Amino acid sequence: MIDREQVLHVAKLARLRLTDEEVDRMAGELSGILEHVEHISELDLDDVEPTAHVIELENVLRPDKPRPSWPREDVLGLAPDAADGAFRVPSPQA
Amino acid sequence: MSELLELTAAEAIERIASGELSSDEYWDAYREAASGDELNAYLWHAAEESPVDEGAADRELRGAPIAVKDIFCTNGVVTTAGSRILEHNEPLYDAGAITRLREAGARILGKTNMDEFAMGSSNENSAYGDVLNPWDRSRVPGGSSGGSAAAVAGRLAPWAIGTDTGGSIRQPASLCGIVGMKPTYGAVSRYGMIAFASSLDQCGPLTRDVTDAAILLRAIEGRDHCDSTSVGIEGGVALPSREDLKGLSFGVPRELAGDAEGMESGVRANFERTLALVEELGGEVSETELPHAPHGISAYYVLAPAEASANLARYDGVRFGLRTAADDLTEMYESTRRDGFGAEVKRRIMLGTYSLASGYYDAYYGRAQRVRTKIAEDFDTAFERFDYIVTPTSPTVAFELGERTGDPLAMYMSDYCTVPMPLAGIPAISIPSGLARPDGGGPKLPVGFQIAGPAFSESGMLDVAYALERAIGFDSRPPSNGSAR
Amino acid sequence: MGAVSGERWEPVIGLEIHVQLSTKTKMFCGCSLSFGDEPNVHTCPVCLGHPGTLPTANEQAIRYGLMIALALECEVAARSSFHRKNYFYPDLPKGYQISQYDEPLAVNGRLGDVRIHRAHLEEDAAKLIHLGESGRIHGSGSSLVDFNRGGTPLVEIVTEPDIRSAAQAREWAQLLRTTLRQLGVSDVNMEEGSLRVDGNISLRPAGSEELGVKTELKNMNSFRFLERGIEAEIARQRALLQAGEEVEQETFHFHPEDGSLTPLRSKEYAHDYRYFPEPDLVPVAPTEEMVVEAREALPELPAARRERYVSEVGLSDEAAATLAFQSAYGEYFERALESADGASATAIANWVTGELVATLRQAGEEDPLESKATPAAVATLAGLVEAKRISHGSGKQVLAKLVAEGGDPAAIVESEGLAQISDTGELEKVVEAAIEAEPEAAEAVRGGNEKAAGRIMGAVMKQTKGRADGGEVQRLIREKLGS
Ligand SMILES: [Mg+2]
Ligand SMILES: [Zn+2]
């Protein structure tokens, strides 16, 4: 029910590199899981509100008060590749 | 020494408070135990010379050691979430729950092993190896908080905190013969708790008994301004003291008990005996229904992976964590994530990305959100008639390592009885209710009894669990050789 | 739609505007906002998307969002919520942008003659610096990411496709900037990127109702470039359609250097953003108090101000529009009015919108409020001319001096000897002298040729260095030549 093409498209969206074997296995496993999930399509949910949050909270806001930022050497210390006070990456293709 | 390891945290704290026991002696006993970890329960534990938080011993928790699931960020201490992609990740801050624990006078004994990004029910998805069940080392401890459960049951920690998204506290607690509680969504801060499925994740205690669970929950609950969805538990958490269940009504949903497919006969029998005990204590037990609960797994395996697919997008090799070098950006992203994530995480990212992709959203994510509404409504209806809902925690006792790794769906079914509660956001606790042999033979292994209540009913729920715990009289000590018979 | 040759094409233009809010802190964390600081000195685990961190919404950003919504006459949603917009890019730390989707803060508004489709809140991306490349994104090499800007609060405003020309787009964008500047919610500086305007452009046969295939146009970081970019894209599409070719849906990047357009490849495969509700943030449901507070914080906005200038102050439509939509001149006018003794509002308005605008443009000055010619001085000047104490021509000389050196108009009139000749006897002599000097013209006037009087008038003005009252001179010429 999910074919290789779909798996490859989704993998692209998710930025995952899959081997050929993984693509095949993924196609089978996802199909199996979705087959089970499909059961919810039998339910009549037409006038049911979707739930995004389980607690009813609104307008939880933060006052616009600055607090100190983190030392640059600390945050760059975690970076796989830092240069000139910034995070370095391969240039995006445009 | 080993006698110290048999104390509940409450007992030890009391002795320290009364001067019978020194906080450091208690700490050292556990530090030693942790360094002798044979269950692979710990990914990191405090070293001998690790700095002692002065003054901790004077506060509420008296410097008691605690094991923390490696999903909680600890300032300067490597936090991996069980993943290769965070192998050397040293957070710059403490999680909200960690801050509360430190403020209450607890000391971090170690970071416990877990399924990668909390995705799993057996702890076989950790990038750092399987965790063994102290009752039978050829079996899984459950997951995803398997390291925390094994450490507490195996006397490697007096107590621990973990996270529960679909059962990740309650199911391992059940499989390891300890108490595990998932509080109401919003009771405990999620700040600094590495996200799996943000609308479901909740932090909770794993302890030897119900009293310890109450004390620990009391320490960690509360509103945190860094988490917009946290509110804490109004009125706090009372210490349990109830001796009977008179005047309380308990609903047994047939979908999650009698009719549940794949439930082992031993588990079923134990559940029946426990229900009899509830009645002996004066509780009123009757059958009820949660018509949509059987669809919980379906809704859960759409919603949780969808949220996870976004929550795990930040692991891109740019600002922290693993990077696999490449000249091209897309190449860098794809190979970093290929090398950093394990099979189950990739599977769920794929599942979640697919269900959100254009053309599929309504059929999957949209419907799952509505099923979630129906499941919550089912509970509301049930709680109009009953004070609490009770079910077995896990359909089976601890299964063997490797037994379900080949079949994702079978693995997902381990959460059949625990998934509906987080979908509804309500609290639930699992307490050990005895031992049973798996179908097809094997050693006697712990069985868990689950009690679920309305949102923020934690104090009452703990009271019920306490009364029942005394009636059950479960001996939480695993066989010393770690092979139950 | 295929093109029929000779058919005339009508441009259909909608704008998508991103406005950086001038709050103290970022949209979802407590880092302070900055411009032009060292890279990555305004960051924290939250705005860097570190594991475990959670966003918390900035109260002031919501307030500013409401002010903008009300200023654009939008319906404020009773309940609005945040969504995650998913795509991978190095300037997007979490791998998703927190934005709004099916429940935006506000919808269905209007500014001037353009309808507003929606206005919503979101967070800005970080800044990518492309090493070894000048200007825009380009292949190979490496880039640096500076997260100072990442997480800056943004309001995205989307218009309906009500604009019909590049010039109209520019004018409307300027009106929007004036409006936002008056609200004080943003620096609205296109060069610095605090106001970013993208265009959605399509062509259709004149008179047709349905919309053609639209393209998106980015990187027009000044009003001039906005107009030039849209013009270029209209020309490109027209050429295609005239040639009977199809316009393809794509995004173009405008190059100010040479006015060229190059297609941008999409950030995300197949543009599949996989929006879903942000579980870490609860809905924003503006309360009565929140809305009232925002409304009371609104200053007089351009549309209302033009209305008032016409109906209450009695200014001409053009003068009112200039003063209302060019907020600096509006402010200048308001200050001049305050210090005016005697001079009428219309006289002051005419001097400000006429001679002052022209003189400053000649002097190459941008902001009238910065000029040496103070509002009070110009008010006095307008009063002197209105009271016929000096002629209009002399007034222009005084203004030039005010703009160049500043000072007090009365003093300038004195020192330059520009005071109007009020002594009729003296003026009479000058007129007679002029008639002597211009016999042909005098003849012509006697012969009924009124126009010829101009020559004599000119001579008089020359003689008096413009200090004569034109009306009085006319009267005297007629009297003398009995026409
Ligand atoms: Mg936007
Ligand atoms: Zn920040």
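The values are calculated or read from the model by the stated rules, or taken from the named source; none is laboratory data. In this text the structure is predicted, and so the values were computed from the model without any measurement. Every residue, glycine among them, receives a Cβ derived from its backbone with ideal geometry; neighbour counts consider all protein chains shown. In case anyone asks, the SASA skips ligands and DNA or RNA and just uses the protein heavy atoms, side chains included. Shrake-Rupley method; radii C 1.70, N 1.55, O 1.52, S 1.80 Å.
Pull up segment C:70-85, narrow it to residues that are of a type in the set (A, V, I, L, M, F, W, C) and away from ligand 1 (no atom under 16 Å from the Cβ), then point me to the one that is surrounded by the fewest Cβ atoms within 10 Å (Cβ to Cβ). Looking at the filtered set, the residue picked out is C:ALA78. When segment C:152-171 is filtered for residues that are away from ligand 2 (no atom under 16 Å from the Cβ) and open to solvent by less than 20 Å² (accessible area, probe 1.4 Å), the ones remaining, listed by number, are C:VAL155, C:ILE157, C:THR159, C:ILE163, C:ALA166, C:ALA169.
Looking across C:PHE88, C:PHE147, one residue alone is more than 24 Å from B:GLU307 (Cα to Cα), touching a helix residue (DSSP H, G or I) at 6+ places or on another chain (Cβ under 9 Å) and crowded, with 22+ Cβ neighbours inside 10 Å. It is C:PHE147. Taken over segment B:397-424, residues that are among the hydrophobic types (A, V, I, L, M, F, W, C) and either farther than 26 Å from B:PRO443 by Cβ or open to solvent by less than 10 Å² (accessible area, probe 1.4 Å) (or both) amount to 9. Listed by first and then second residue, the pairs with beta-carbon distance under 6 Å, at least 6 apart or on different chains, first residue in segment C:45-58 and outside any loop (DSSP other than H, G, I, E, B), second acidic (Asp, Glu) and away from ligand 1 (no atom under 16 Å from the Cβ), are C:ASN58/A:ASP64. Taking the criterion of being in a loop (DSSP other than H, G, I, E, B), of a type outside the set (Lys, Arg) and at pLDDT 95 or above, the residues of segment C:19-36 that qualify are C:LEU21, C:SER22, C:THR23, C:MET27, C:PHE28, C:CYS29, C:GLY30, C:CYS31, C:LEU33.
Taken residue by residue, segment C:47-67 has at least one member that is open to solvent by less than 10 Å² (accessible area, probe 1.4 Å) and within 16 Å of ligand 1 (Cβ to nearest atom).
Residue-by-condition table, conditions (1) in contact (Cβ under 8 Å) with a residue 24 or more places away in the chain; (2) within 30 Å of B:SER241 (Cβ to Cβ); (3) among the hydrophobic types (A, V, I, L, M, F, W, C):
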position	(1), (2), (3)
B:ALA9	yes, yes, yes
B:ALA12	yes, yes, yes
B:GLY19	no, yes, no
B:ASP24	yes, no, no
B:ALA29	yes, yes, yes
B:ALA34	yes, no, yes
B:LEU39	yes, no, yes
B:HIS45	yes, no, no
B:ALA56	yes, yes, yes
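The residue that is surrounded by the fewest Cβ atoms within 10 Å (Cβ to Cβ), counting only those in segment B:89-138 that are within 11 Å of another protein chain (Cβ to nearest Cβ) and without any contact (Cβ under 8 Å) to a residue 60 or more places away in the chain, is B:GLU90.
Looking at segment C:12-46, which of the residues that are surrounded by 24 or more Cβ atoms within 10 Å (Cβ to Cβ) and more than 9 Å from ligand 2 (Cβ to nearest atom) is farthest from A:LYS65 (Cα to Cα)? Ranking the candidates gives C:ILE13 first.
A count restricted to segment A:12-27 and to residues that are surrounded by 14 or more Cβ atoms within 10 Å (Cβ to Cβ) and more than 7 Å from chain B (Cβ to nearest Cβ) stands at 6. Residues in segment B:266-282 include none that are part of a loop (DSSP other than H, G, I, E, B) and open to solvent by 60 Å² or more (accessible area, probe 1.4 Å). If you go through segment A:51-82 and pick out every residue that is assigned to a loop (DSSP other than H, G, I, E, B), within 7 Å of chain B (Cβ to nearest Cβ) and open to solvent by 60 Å² or more (accessible area, probe 1.4 Å), you end up with 1.
The single condition from (1) more than 16 Å from ligand 1 (Cβ to nearest atom); (2) aliphatic (A, V, I, L, M); (3) in a strand (DSSP E or B); (4) more than 12 Å from chain A (Cβ to nearest Cβ) that C:ILE157 fails is (1). Yes or no: B:ALA12 under 24 Å from the mean Cα position of the chain (by Cα), assigned to a helix (DSSP H, G or I) and more than 30 Å from A:GLU73 (Cα to Cα)? The answer is yes for B:ALA12. On the basis of being in contact with a Pro (Cβ under 6 Å, 6 or more places away or on another chain) and buried (at least 22 other Cβ atoms within 10 Å of the Cβ), does B:ILE431 make the cut? No, not satisfied.
Quick one: how many residues across segment C:95-113 are within 13 Å of another protein chain (Cβ to nearest Cβ), in a strand (DSSP E or B) and either free of Cβ contacts under 8 Å to residues at least 12 places away in the same chain or away from ligand 2 (no atom under 16 Å from the Cβ) (or both)?
2
The combined condition, being outside any loop (DSSP other than H, G, I, E, B) and touching a Cys at 6+ places or on another chain (Cβ under 7 Å), is not fulfilled by C:VAL12.
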